[in-house]
Amino acid sequence: MTSQAQPSILHRLRINTDLARRIITGFIRDEIEKAGLHRAVIGLSGGIDSALSAYLSAQALGAENVLALRMPYRTSSESSLLDAEKVIEALQLPAKTIPITDMAEALFKQLPEMNNVRKGNVMARLRMTILYDQSSAWGGLVMGTSNKTEFLLGYTTIYGDSGVAMQPIADLYKAQVRQLSAALGVPDSILNKAPSADLWEGQTDEGELGFAYNDVDQVLYLLVDERFTVDEVVDEGFERHFVEDVWRRVKANHFKRTMPNIAKVSRRTIGHDFLYLRDWTGR
């Protein structure tokens, strides 16, 4: 449990939604154009993160250039499918529904000891397999839907929902995702429901994480954006064990936020000395 949040921290999490929209849509267009493409593929879960990513992608590229995929498992909630449909209809996106039940069950039957976490990871990676197949067929890049809170905490599946071509909302905390979603007109049924990856029946993000997004957003903001120490965050009114647990998760999951490290052998090593493209025209 945490103490009541300080009003000043909540205030600092507020964003200029119009500016954020312009920055992110510009980023999406730029990334797509750099790849020599004009289309994107996105997985729509019926949750707020994928809905916001779809709204931003449609604004950046035109709705006709954003393929929305619903990929339900047999335990996926009907309300999630309906909420995804609301986004598809509101934006007039081309869409497909490709169930993953048979694909997932084929593996689950061979490994009956799998717990829900392992099954959830399999489902996330199956969905990414489908997204990349459709990326090839559609001729568009795979759009990420992870937010900054999830990314920092490692609440993603490596080579699943984190294995995408670009991450348009990964610099927005969950509270900021809600602000921008409301500004763009994301349906109320999506804005107001409990966040869930919908990986198994009754699963919620906050139940799995063990704390509320409202609290962890503020702690992460202080630790990451403001570079507070753990002691300084505690002084803001948060319980020490909570702050220490959050910071431990951030550090432990750093590997999920980077490309695989390459052992340095040569003078110019990818990811070490060779970091970005330059204009080498004529060389």
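Here are a few things to note about the model shown:
- Remark: the stretch 52-67, residue by residue, has Karplus-estimated 3J(HN,Hα) of 4, 4, 5, 4, 5, 5, 5, 5, 6, 10, x, 4, 5, 9, 10, 8 Hz, where x stands for each Gly or Pro and the curve is 6.51 cos²θ - 1.76 cosθ + 1.60 at θ = phi - 60°.
- Among the listed options [x] 126; [y] 169; [z] 117, the one matching volume of the Cα convex hull per residue in Å³ as calculated from these coordinates is [y].
- Dipole-positive endmost among Ser146, Gly237, Leu13 within the chain (Cβ charges, Cα centre): Ser146
- Residue exposure sequence - Thr157, Thr129 - by fewest surrounding Cβ within 10 Å: Thr129, Thr157
- Secondary-structure-derived ellipticity at 222 nm for the chain, considering helices only, amounts to -14500 deg cm²/dmol, per-run term -39500 (n - 2.57) for DSSP H runs with n ≥ 4.
- Of the residues Met166, Leu44, Thr97, the one whose Cα sits farthest towards the positive end of the charge dipole of the stretch 16-202 is Met166 (charges of +1 on Lys and Arg Cβ, -1 on Asp and Glu Cβ, taken about the Cα centre).
- Between Met166 and Gly144, the built amide H atoms are under 5 Å apart, and every one of these is 5 or more places off in sequence or on another chain.
- As a proxy for reagent exposure, Ile100, Ile23 were ordered by neighbouring Cβ count within 10 angstrom, fewest first; the result is Ile23, Ile100.
- Computed from point charges on the beta carbon alone (+1 for Lys and Arg, -1 for Asp and Glu), the dipole magnitude for the chain about its Cα centre is near 1100 Debye.
- Value of relative contact order over the chain, rounded to a whole percent, pairs C-alpha under 8 Å and six or more apart: 22 percent
Each reported figure results from applying straightforward, stated rules to the coordinates on display, with no laboratory input. The model shown is predicted, which means the values in this text are computed figures rather than measured ones. Cβ: placed from backbone, ideal geometry, glycine included. Neighbour counts: every protein chain shown.
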